[in-house]
Amino acid sequence: MSLESLVVFVALIVGTSSLYFHIAETERKCFMEEIPDETMVIGNYRVQLFDPRTGGFMPSSPGIGMHVEVRDPDDKVILSKVYSAEGRFTYTSHTPGEHVMCLYSNSTKWFSGTQLRVHLDLQVGEHAIDYQNVAQKEKLTELQLRVRQLLDQVEQITKEQNYQRYREERFRQTSESTNSRVLWWSTSQTVILVVMGFWQMRHLKSFFEAKKLV
């Protein structure tokens, strides 16, 4: 049985997702997320170590880190880095489709078979932008900041619509390819049946002629 487990959640409606999960010392936990192209994703995580004395989870040891790996729809690695027990990672999609993000521990010597609890908070699209920081850096007024947020939301909606059209086009191409294969398969079956019927008639005629029945 594979030690890698896959958790699927779809982010077609771009927003924020928060969850936590448990992993063993040799286990990978992967998430598959569908996002448009040129979309920023920020992940904040925190690792806790299981304490068998209390039966709960406590802050992890400084030596425990998390390896984060992200692959795009073409299976190309766009992020592969080891982080500390608590931190943030960021990546930007350049190809629309399913992005697979995997997290696993960088070492096993700290656990001795115990479990880790990982708290993960994902922010996608305009939700990944720190607008307070933007306002301070660009010295925007409250109205200007609100306009900036609306423009980013419109841009993200446009990206999502383009991605939906991309998915529909891929589905249409797959349907047309499947229909074409079914048609060719049906035609081949018909031709084979006709040929077999013709061969059987010739064979029976030769048989009857040999027996001088015809």
Can you find even one residue in the stretch 145-158 that is closer than 16 Å to residue 34 by Cβ, touching a strand residue (DSSP E or B) at 6+ places or on another chain (Cβ under 8 Å) and assigned to a helix (DSSP H, G or I)? no
Residues of the stretch 57-79 satisfying the condition of being open to solvent by less than 70 Å² (accessible area, probe 1.4 Å) and either part of a loop (DSSP other than H, G, I, E, B) or among the hydroxyl-bearing types (Ser, Thr, Tyr) (or both): 60, 61, 63, 64, 65, 72, 73
Output yes when any residue across the stretch 188-205 is of a type in the set (Ser, Thr, Tyr), at pLDDT 85 or above and assigned to a helix (DSSP H, G or I), and no when none is. yes
Hey, can you tell me all the residues within the stretch 43-56 that are open to solvent by 50 Å² or more (accessible area, probe 1.4 Å), in a strand (DSSP E or B) and modelled with pLDDT under 80? 50
Can you say whether residue 205 is more than 37 Å from the chain's Cα centre (by Cα) and either surrounded by 11 or more Cβ atoms within 10 Å (Cβ to Cβ) or acidic (Asp, Glu) (or both), as far as the supplied structure shows? yes
Which residues, taken from the stretch 101-131, are at pLDDT 75 or above, open to solvent by 30 Å² or more (accessible area, probe 1.4 Å) and among the polar types (S, T, N, Q)? 115, 123
Conditions first: (1) more than 19 Å from residue 43 (Cβ to Cβ); (2) open to solvent by 30 Å² or more (accessible area, probe 1.4 Å). Residue 145 passes all but one, so which condition is the exception? (2)
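The values are calculated or read from the model by the stated rules, or taken from the named source; none is laboratory data. On a predicted model such as this, the values are computed, not experimentally measured, just so you know. Glycine gets a Cβ as well: all are built from the backbone with ideal geometry, and neighbour counts include every protein chain shown. Note: accessible area is taken over every heavy atom of the protein model, side chains too, but ligands, DNA and RNA are not part of it. Shrake-Rupley method; radii C 1.70, N 1.55, O 1.52, S 1.80 Å.
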